[in-house]
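K.L.:
Structure below; questions to follow.
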Number of protein chains: 2
Amino acid sequence: MKPSIPKGTRDFLPEEVFRRNFIFETIRDVYLIYGFLPIETPAMENLQTLTGKYGDEGDNLLFKVLNNGDFLKNTPEETWQNRKSAEFIPFIAKRGLRYDLTVPFARFVVMHQNDLSFPFKRYQIQPVWRADRPQKGRYQEFWQCDADVIGSDSLLYEAEIIQMLYEVYHKLGIKVIIRINNRKILQGIAEICGIGERFMDMTIAIDKLDKTGRDGVSKELLERGISEEICNRILELVQSSDIEILKKNLVNSQSGSQGIQELETIMSYLEDHPAKNWVELDITLARGLNYYTGSIFEVVLDTTAYPEYSMGSLSGGGRYDDLTGVFGMQGVSGVGISFGADRIYDVMLHLSLFPDSVSQGPKLLFLSMDQLSHTYAFRIVTRLRSSKIHCDIYPEPAKIQKQMKYAHAIRVPFVAIIGEKEVSSQSITIKNMADGSQETVHENELIQYFNHI
Amino acid sequence: MKPSIPKGTRDFLPEEVFRRNFIFETIRDVYLIYGFLPIETPAMENLQTLTGKYGDEGDNLLFKVLNNGDFLKNTPEETWQNRKSAEFIPFIAKRGLRYDLTVPFARFVVMHQNDLSFPFKRYQIQPVWRADRPQKGRYQEFWQCDADVIGSDSLLYEAEIIQMLYEVYHKLGIKVIIRINNRKILQGIAEICGIGERFMDMTIAIDKLDKTGRDGVSKELLERGISEEICNRILELVQSSDIEILKKNLVNSQSGSQGIQELETIMSYLEDHPAKNWVELDITLARGLNYYTGSIFEVVLDTTAYPEYSMGSLSGGGRYDDLTGVFGMQGVSGVGISFGADRIYDVMLHLSLFPDSVSQGPKLLFLSMDQLSHTYAFRIVTRLRSSKIHCDIYPEPAKIQKQMKYAHAIRVPFVAIIGEKEVSSQSITIKNMADGSQETVHENELIQYFNHI
């Protein structure tokens, strides 16, 4: 039997885990500094919690977990007769793997509302599962890194999210643009064009401006029965990113004016923060998702910094007004952001942005010529380890060539070869594997030596 | 709809996540110091990888994931006719959730053998899933923290495992006994009692000595056709923990003598390490699992330190000689250990061993009397955060009572109330929420102040 793993899933080798943790820890540290607290939810949720929350397509992409024991015993005769897969599901699977972190968070807030204080700021870094067709950069198991504030409509939190986006990408060394928009501005544009009630049609069409261009959007709007004149007016409005002009144009729309004012308040919170220089108003930004009701965020690579490399959005989020309503808790406003760790990983690898220090493997490997040296070396290793120095020892005396081959293979930066001479002088010769240089250090000075490199 | 989660699964609130991470990070730090490297494997494995590895009971406890799309389409007519759940499984579920970290690790080693250097030291801290009946302290989703070395039979690694067990429990502040045994000693005892070929029967019986006592073990051995005389001899031998006496008794068994010699080698590695004082030879230790072939470890609470509290084993492990054989890679020896994070959590909570510093929530919360103070406070918050100080601000000016209520609820240790006076003097009065004491600090000295408390 040749072992394999399910398509769309991945094993992570040590170097990959170190790099991924570097990303997770950078995000987590920023979340903590901003007062967000961690929660965790189980991988399996009741299907009742998940079903119907992601549209029909989402329901199909949910991984369903077979009930245990005699799972067919509750299947009614009619279902047996019809032999339809979809009809069997409610009788044979009551659990599913979480599809994102947002629905489990909403469920969590409603279930634990009496133990939480609002506004509740939570972050959550956990894997999610989707039965998407696997392809380059798309996996069936992947990690999301979400932060949300729930229970307040203060625009301060929009400002904090923008600051956190800046802090994370700044620390990772990735130059990005933080696109921002507000659904109320889009609503306002629809209103002043006289198609307020066609707001969703308009949003769906302009969301594709990036991909299909002006012509594609025009075509789609025309197909939806919106006249060419209105169409041109919409395109003109959404392609302007001058807030003063927009403000003037939207003066007769209450919704539009409110959207503009919200933007201005958010920007005023950012006055003292470098994040403001990374923010770009982008009226074409709609992010498809129906549940955003105010601010919308999206982070993309700064193409002027990386003209020859392209990648989809790295983060996205926004404000929603009724996330928990479906679980019976009405009228709670929230705002959140999500980092796509897998895409960030790919970008950092491509741009060689991971510092060497992400690896936490052993710094020093001891090799020994004979049993006496081995015993001596292990004593030194034990001492170094008690001072928290990451080090290791080849497990027995063996031919030095064989041991050196191992040292090269595990890419340890320093090696100490222990023989009779070292044991009697209590001095260790340390070889730098990168440049071949050597240095002799007394055993009592080793800890200090390794604390300084 | 009242939301719920599947029985046997848990949500973790922020305080619980902080405490659990304290345990995970303590274990991880020790693993890294000892040169173990992290790997991660996917939650879902092919059922082919998992099935048949944990006995029939284990197979029943595997969570199986329903295939996506029209999952019934490959079911043969005969299976439709029989309507047996077990017969359907191979046609409707090709994936399952991992049941432990050991089998995925074996699969990983075989799949990636060309990318790994042996001995390969890996650790893995991830959740596993079992459809066990939920009960106190037993969950359907729980975390394992494993470390294994594969590709060497050096007893140095047994010594390292014992040192790591000591380091982790010492850092957590839990007083434990590290029980150690060797399957070769058990084999030797069976041989000198003349029942070498009944070794498994003997092992199964004496493994229960803790629970059923001498009489229970005698009864079980008698039922298995072992004479009372032999039975008494076995009990006498396994209840002795004097290595010199055992050595003499086992002198005529090659296996037994080898087991003793292995123990002595391991103890000689520990000479310079405090772990040696926590080790106890326990010949009754068998750990049920068939795949151990040499050393066996188990960690239990030191009952002399906690006479009124009892808990099952907190860690367990041992040496196995053919973990990867089932996946086609023969003759590879390994040794490993696993920490039961959930039990450790319960012990630490019961004994109040979590330090206050595990919480990484905000240290300071700003409250503001009016809009001007709010704007000023947010500017200070922004500065503190840029110095990595975990802090937060109430999202808008509001009645101070309301804001203080929130401060109490989130249990923030310090509060700063900002009003006109603070804005004009640029001095912040910081209130210690534990004792009510107050201190006034100039805004320029705040960072230093919070870096020192």
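The values are calculated or read from the model by the stated rules, or taken from the named source; none is laboratory data. Because the structure is a prediction, the values reported are computed rather than measured. Note that we place each Cβ from the backbone using ideal geometry, even for glycine, and neighbour counts take in every protein chain shown. To get the accessible areas, we keep the full protein, side chains included, count just its heavy atoms, and leave off ligands, DNA and RNA. Shrake-Rupley method; radii C 1.70, N 1.55, O 1.52, S 1.80 Å.
K.L.:
Do we find that B:Leu165 is open to solvent by less than 40 Å² (accessible area, probe 1.4 Å) and over 25 Å from B:Leu281 (Cβ atoms) in this structure?
P.N.:
No.
K.L.:
Are any residues in the range A:331-377 among the aromatic types (Phe, Trp, Tyr), part of a helix (DSSP H, G or I) and under 28 Å from A:Lys421 (Cα atoms), and if so, which ones?
P.N.:
Across the range A:331-377, the qualifying residue is only A:Tyr376.
K.L.:
Out of curiosity, is A:Val65 crowded, with 18+ Cβ neighbours inside 10 Å, closer than 17 Å to B:Ser85 by Cα and touching a strand residue (DSSP E or B) at 6+ places or on another chain (Cβ under 7 Å)?
P.N.:
Yes.
K.L.:
Give the number of residues within the range B:323-381 that are among the aromatic types (Phe, Trp, Tyr) and more than 18 Å from B:Val168 (Cα to Cα).
P.N.:
Number satisfying all stated conditions: 4.
K.L.:
Could you identify the single residue in B:Phe88, B:Phe108 that is farther than 20 Å from B:Phe327 by Cα and open to solvent by less than 10 Å² (accessible area, probe 1.4 Å)?
P.N.:
B:Phe88
K.L.:
Here is a further query. All but one of (1) within 25 Å of the chain's Cα centre (by Cα); (2) under 30 Å from B:Glu158 (Cα atoms); (3) among the polar types (S, T, N, Q) hold for B:Ser357; state the number of the condition that does not hold.
P.N.:
Only one criterion in (1) within 25 Å of the chain's Cα centre (by Cα); (2) under 30 Å from B:Glu158 (Cα atoms); (3) among the polar types (S, T, N, Q) is unmet by B:Ser357, namely (2).
K.L.:
Please go through the range A:360-380 and give me each residue that is within 9 Å of chain B (Cβ to nearest Cβ) and closer than 18 Å to A:His452 by Cα, ordered by number.
P.N.:
Residues satisfying the conditions are A:Gln360, A:Gly361, A:Pro362, A:Leu365.
K.L.:
Which pairs turn up if I take residues in the range A:383-397 that are within 7 Å of another protein chain (Cβ to nearest Cβ) and on the phi < 0 side of the Ramachandran plot and look for partners that are assigned to a strand (DSSP E or B) and among the basic types (Lys, Arg) with beta carbon separation below 6 Å, at least 6 apart in sequence or on another chain?
P.N.:
none
K.L.:
Taking the range A:1-39 only, how many residues are at the interface with chain B (Cβ under 8 Å from one of its Cβ atoms), basic (Lys, Arg) and closer than 22 Å to A:Ala159 by Cα?
P.N.:
Counting residues in the range A:1-39 that are at the interface with chain B (Cβ under 8 Å from one of its Cβ atoms), basic (Lys, Arg) and closer than 22 Å to A:Ala159 by Cα gives 0.
K.L.:
Then there is this: How many residues, within the range B:40-64, are within 10 Å of chain A (Cβ to nearest Cβ) and over 25 Å from A:Leu37 (Cβ atoms)?
P.N.:
Qualifying residue count for the region: 13.
K.L.:
Still on this structure, please answer the following. Would you check if B:Leu384 is within 27 Å of B:Leu13 (Cα to Cα) and not in a strand (DSSP E or B)?
P.N.:
yes
K.L.:
Which residues, taken from the range A:324-347, are more than 14 Å from chain B (Cβ to nearest Cβ) and loosely packed, with under 14 Cβ neighbours inside 10 Å?
P.N.:
A:Gly331
K.L.:
OK, next. With the structure loaded, tell me whether B:Gln144 is free of Cβ contacts under 8 Å to residues at least 60 places away in the same chain, open to solvent by 10 Å² or more (accessible area, probe 1.4 Å) and under 21 Å from the mean Cα position of the chain (by Cα) or whether it fails that test.
P.N.:
Taking the combined requirement at face value, the residue does not satisfy it.
K.L.:
Out of (1) open to solvent by 10 Å² or more (accessible area, probe 1.4 Å); (2) facing chain B (nearest Cβ under 7 Å); (3) over 20 Å from A:Gly8 (Cβ atoms), what's the single condition that is false for A:Ala131?
P.N.:
It fails just one condition, (3).
Yes/no matrix, rows are residues, columns are (1) surrounded by fewer than 22 Cβ atoms within 10 Å (Cβ to Cβ); (2) free of Cβ contacts under 8 Å to residues at least 40 places away in the same chain:
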| position | (1), (2) |
| --- | --- |
| A:Thr9 | yes, no |
| A:Leu13 | yes, yes |
| A:Phe18 | yes, no |
| A:Thr26 | yes, no |
| A:Ala43 | no, no |
| A:Glu57 | yes, yes |
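K.L.:
Restricting to the range B:403-442, and then to whatever is within 25 Å of A:Gln163 (Cβ to Cβ) and exposed (fewer than 14 other Cβ atoms within 10 Å of the Cβ), can you tell me which residue is farthest from the other protein chains (Cβ to nearest Cβ)?
P.N.:
Looking at the filtered set, the residue picked out is B:His442.
K.L.:
Tell me which residues, restricted to the range A:348-399, are of a type in the set (Lys, Arg) and open to solvent by 70 Å² or more (accessible area, probe 1.4 Å).
P.N.:
Selection gives A:Lys363, A:Arg379, A:Arg383, A:Lys388, A:Lys399.
K.L.:
Moving on. Considering every residue within the range A:288-309, establish whether at least one is under 30 Å from A:Phe108 (Cα atoms), touching a strand residue (DSSP E or B) at 6+ places or on another chain (Cβ under 6 Å) and open to solvent by 60 Å² or more (accessible area, probe 1.4 Å).
P.N.:
yes
K.L.:
Go through the range A:90-120 and give me each residue that's under 26 Å from A:Glu57 (Cβ atoms), facing another protein chain (nearest Cβ under 8 Å) and without any contact (Cβ under 8 Å) to a residue 40 or more places away in the chain.
P.N.:
Of everything in the range A:90-120, just one residue is under 26 Å from A:Glu57 (Cβ atoms), facing another protein chain (nearest Cβ under 8 Å) and without any contact (Cβ under 8 Å) to a residue 40 or more places away in the chain, namely A:Ile92.
K.L.:
Which members of the range B:69-89 meet the condition of being closer than 27 Å to B:Val128 by Cα, modelled with pLDDT of 95 or more and at the interface with another protein chain (Cβ under 8 Å from one of its Cβ atoms)?
P.N.:
B:Phe71, B:Ser85, B:Phe88, B:Ile89
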